[in-house]
1. Any idea what the relative contact order of the range 112-224 is, in percent, if you count C-alpha pairs under 8 Å spaced at least 6 apart?
2. Calculate one ³J(HN,Hα) per residue across the range 35-46 by plugging θ = phi - 60° into the Karplus curve 6.51 cos²θ - 1.76 cosθ + 1.60, and present them in order as whole Hz with x for glycine and proline.
3. Report the GluC sites (Glu not before Pro) located in the range 91-193 that are in a DSSP loop and have at most 13 other Cβ atoms inside 10 Å of their Cβ, or state none.
4. Starting from the Cα gyration tensor of the range 117-169, take the square roots of the eigenvalues, sort them a ≥ b ≥ c, and report rounded, prolate or oblate (rounded when a/c is under 1.5, otherwise prolate if a/b is larger than b/c, else oblate).
5. What's the exposure ranking of 19, 42, going from fewest to most Cβ atoms within 10 Å?
Amino acid sequence: MLIIFPILVVWLGYLAVRTRISKSAPLISLGLSFSGAFLLSTLIFEMLPELYTGGDHKSIGLFLSLGILLQLSLEYLSQGAEHGHTHLHGHSGKVPWLVIGSLCIHAFLEGIPLGGLTGLFWGVLVHKFTIALALSLLLMESKAPKFSSLWAIGLFSIMTPLGSFLSGQSLWPEHWNNYLNALAVGILLHIATVILFESSDGHRFNLRKFAVILGGFALGYLVG
């Protein structure tokens, strides 16, 4: 039953953009700040302690680092859509499939460590909603045919549940799970920290954003 939530969240983000509910840039910026803080908080309070009690510390650190490097590579293709960038170059009239492909890989890998109503599950849901907003805005900007855009959103929406489903099917040795989780956590660590750094408004103090970030960390602590 839980597998349906990541799919619904993506379509809610798409509908919010299509119906102009998410038109306000300041609200999107605050939403990104909250999602980054919430996601980072769940990683710190829940996932990192679990990873380091379940395997060799140096190997876990290696896979965390590989996750960060992998996400850096994916962002060359996605143009930063994972953390709210919504500008395209050279895609007028067609779906930006390189961006979609990168986001699908990211979404698939982030589904691997999800296994129930954990803090990380809720953190990923909030994160997916903000990505869905950014992706939907990109598709509108690209002026791609509506059917192609719907197909792209549908493909993206199933990737996280697919990663979660396959991780529970014993398709690989059980001791690999902790390393794959570390890879996914490295990806999410990079995303969450970039969102927070980019929300700093040129290093100027913004009380509203600080309050939203504080709320994200507090909620992550409570559910983690």
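Where a number appears in this text, it was derived from the coordinates with a stated rule and is not lab data. Nothing here was measured: the structure is a model prediction, and the numbers come from that model. For neighbour counting, all protein chains shown are included, and Cβ atoms are generated from backbone atoms with ideal geometry for every residue, glycine included.
1. 49 percent
2. Whole-Hz 3J(HN,Hα) from phi for the range 35-46: 5, x, 5, 4, 5, 4, 5, 5, 5, 5, 7, 10.
3. Details: sites: 110, 141, 174; in loops: 174.
In loop regions of the range 91-193 (DSSP not H, G, I, E or B), the sparsely surrounded GluC sites (Glu not before Pro) are 174.
4. Working: a/c = 4.81, a/b = 1.74, b/c = 2.76.
Because a/c hits 1.5 or more and a/b fails to exceed b/c, the range 117-169 counts as oblate.
5. Working: 19 9, 42 29.
Exposure proxy ranking, most exposed first: 19, 42.
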